[in-house]
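Quick notes on the structure that follows.
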Amino acid sequence: MAYLNENYLKLKAGYLFPEIARRVNAFSDANPDRAASLIKCGIGDVTEALPDAVREAIHKAVDEMGDRSSFRGYGPEQGYEFLREAIAQNDYKSQGIEIGAHEIFVSDGSKCDSANFLDVLGSKNRIAVMDPVYPVYVDTNVMVGHTGSANDAGRFEGLVYLPCTADNGFVPELPKEAVDIIYLCYPNNPTGTVATREQLEAWVAYAREHKAIILYDAAYVAFVQDDSVPKSIFEIEGAHECAVEFRSFSKNGGFTGTRCAFTVVPEKLMAYDETGDAKPLHGLWSRRQSTKFNGVSYPIQRGAEAIYSDAGQAQVSALIEHYMGNAKLLAGGARAAGLTVYGGEHAPYIWVKNPEGVTSWDAFDKVLNDANVVITPGAGFGSMGEGYFRISAFNSRANAEEVARRLQDIKW
Ligand code: MLT
C-alpha cells in the first residue's frame, strides 16, 4: 500500500489563481456573449513583449547551442558565472551593498525558491507569515508538515500570523512571542505597499536578537519609484547574518513564461543544529541545488544577463513605466467609484477596500458581473484580506483605461 502525504489534505480548496480561473471559466460558459470583452486583472502576470535586448540575447545563445563548438550541456546548478557576476555588480555592488557572485543562486523562480528553501530549514521552527500573504508561503509550509489544520478563518494551527492592516500601513508589528522564520515581502504582494528603512531595521534587529531568519521576497523591487524606499534587505546593517533574499526577472523583464530568478544566501547566514551550534546555510543551499536542480537553460540566462545591458535597462524602465502608468489609472478608477485605495505607487498592485459589508468574494462577483473584469478577492490572501480586493496593473494601456472606466461606473 502506498501512503500519501496527508499534509496535502489539510490545504484549503485549490491554489487561489486556479480557483479564480475556474470561476471565470464558469462565468464565461454561462455568458458567452461577454467573453470577448472580459478583462483580466487577477493574477499578476505580465502582458507586454520581452524586451528586444533579451530576445536578441536568447536568439544568439540558441544559435551558439546549434554549433558543436559553442554547444553547452549541463550548466552549473547555481547559475552561470556571467549572470551571477552581472547580478552582484548591478543589483548590489553598484548600490553599495556587499554581495558576492558566489552568494547568488540563479533559479527558475522565486515561488519555487521560497518553497524549496524549506529543505534546508529544520522542522521545529516557529514560522511567521504576514496576513494577507502570498499564499505560497503558507501552503508550502502546510505541505511539508509545519502546521496543523486550518480553522474556519483559514488560518493554520502552528503558524504565527502577523496582521497587516490599514492602521499599520500593511507592515506588521514585531511579534510578541519568539519566532524563528519570518516571511516578509516588499514591495508587497498583495497590498502593493512598501516598508520603510526604519521598519526593516526593526525586523533585522528582531531577527538577530532571536537568531531568526527573514525570508525576504523582493520580486517587485523594480517597481520602487523612490530612493527612500529600501530595495534590498541587505541595505540594512546586520541583514547578511539573518536574511535570504528572493528576486525575480519575471515582473521587470517579463520572464513569467521564460523563467529566471535568483536567491541570495549570504555566506554569513547561520542556522542552528540541535546542540545550538551555528552552521552556515550557504553550503547547504548550494548542496540542495546541486542535487535537486539542474539550473536554468543557457539561452534564458543569457536573456536575463541582457537585462543589465544599457539597452536592456532602458527597455525594462519603459516596461515599468508602462505598468506603473496603468496602476495610476486603475487606482484613479477605483477612487472615482468612492473606494479607498492602497498601494500602486511602488508596486503593480492596487489594494482596494470594499464598501462596508461587502465580502471579498462578493466584490469579485460584482466586479465580474457588473464590469466584466476579473480581480483577486483579498480573502484569497488570508483572513486579514477579507473586505479587500486586489487589482493587477499588468495589462495593455487600452485595457487599463477601459477597466478604470468600468470600475468608476460600478454602483456599490
Ligand atoms: C500574483 O498574482 O500574486 C502573482 O502572479 C504571483 C506569482 O508571481 O506567483
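The values are calculated or read from the model by the stated rules, or taken from the named source; none is laboratory data. Just so it is clear, the structure is predicted and the values come from calculations on it, not from any experiment. Glycine also receives a Cβ, built like all others from the backbone with ideal geometry; neighbour counts cover every protein chain displayed.
Count of segment 2-25 residues, restricted to those that are part of a loop (DSSP other than H, G, I, E, B) and at pLDDT 95 or above, is 4. In the set (1) of a type in the set (A, V, I, L, M); (2) more than 16 Å from the ligand (Cβ to nearest atom); (3) over 20 Å from Glu77 (Cα atoms); (4) in a helix (DSSP H, G or I), the condition left unmet by Ile214 is number (4). Restricting to segment 217-228, and then to whatever is more than 16 Å from the ligand (Cβ to nearest atom) and more than 20 Å from Lys93 (Cβ to Cβ), can you tell me which residue is surrounded by the most Cβ atoms within 10 Å (Cβ to Cβ)? Filtering first and then ranking leaves Gln225. Checking each residue in segment 312-367 for being more than 30 Å from Asp227 (Cα to Cα) and either touching a His at 6+ places or on another chain (Cβ under 6 Å) or of a type in the set (Ser, Thr, Tyr) (or both) picks out Thr359, Ser360.
For Arg406, the conditions (1) within 16 Å of the ligand (Cβ to nearest atom); (2) not in a strand (DSSP E or B) are fulfilled apart from (1).
Segment 263-370 holds helices (runs of 4 or more DSSP H) entirely within its bounds, and those carrying 2 or more residues that are acidic (Asp, Glu) map to 310-336. On the stretch given as segment 26-67, residues that are touching a Phe, Trp or Tyr at 6+ places or on another chain (Cβ under 6 Å), in a helix (DSSP H, G or I) and either among the hydroxyl-bearing types (Ser, Thr, Tyr) or within 16 Å of the ligand (Cβ to nearest atom) (or both) total 0.
Of all residue pairs spaced 6 or more apart or on separate chains, those with beta-carbon atoms under 9 Å, a first member in segment 32-54 that is closer than 18 Å to Phe255 by Cα and a second member that is part of a loop (DSSP other than H, G, I, E, B) and more than 16 Å from the ligand (Cβ to nearest atom) are Thr47/Ser396; Glu48/Ser396; Pro51/Ile307; Ala53/Ile307; Ala53/Ser309; Val54/Ile307.
Scanning segment 380-410 for residues that are within 17 Å of Gly343 (Cα to Cα) and either without any contact (Cβ under 8 Å) to a residue 40 or more places away in the chain or small (Gly, Ala, Ser) (or both) gives Gly385, Glu386, Gly387, Phe389, Ser392, Ala393, Ala400, Ala404.
Just one of the listed residues (Ala337, Ala314, Ala331) is small (Gly, Ala, Ser), surrounded by fewer than 23 Cβ atoms within 10 Å (Cβ to Cβ) and over 21 Å from Ala261 (Cα atoms), and it is Ala337. Within segment 232-262, being part of a loop (DSSP other than H, G, I, E, B), charged (D, E, K, R) and within 30 Å of Asp52 (Cα to Cα) holds for Lys251, Arg259. Taking each residue of segment 96-116 that is more than 18 Å from Leu281 (Cβ to Cβ) and more than 16 Å from the ligand (Cβ to nearest atom) and looking for partners that are at pLDDT 95 or above and of a type outside the set (Phe, Trp, Tyr) with beta-carbon atoms closer than 7 Å, six or more apart or interchain, yields Ile97/Ser232; Ile97/Glu235.
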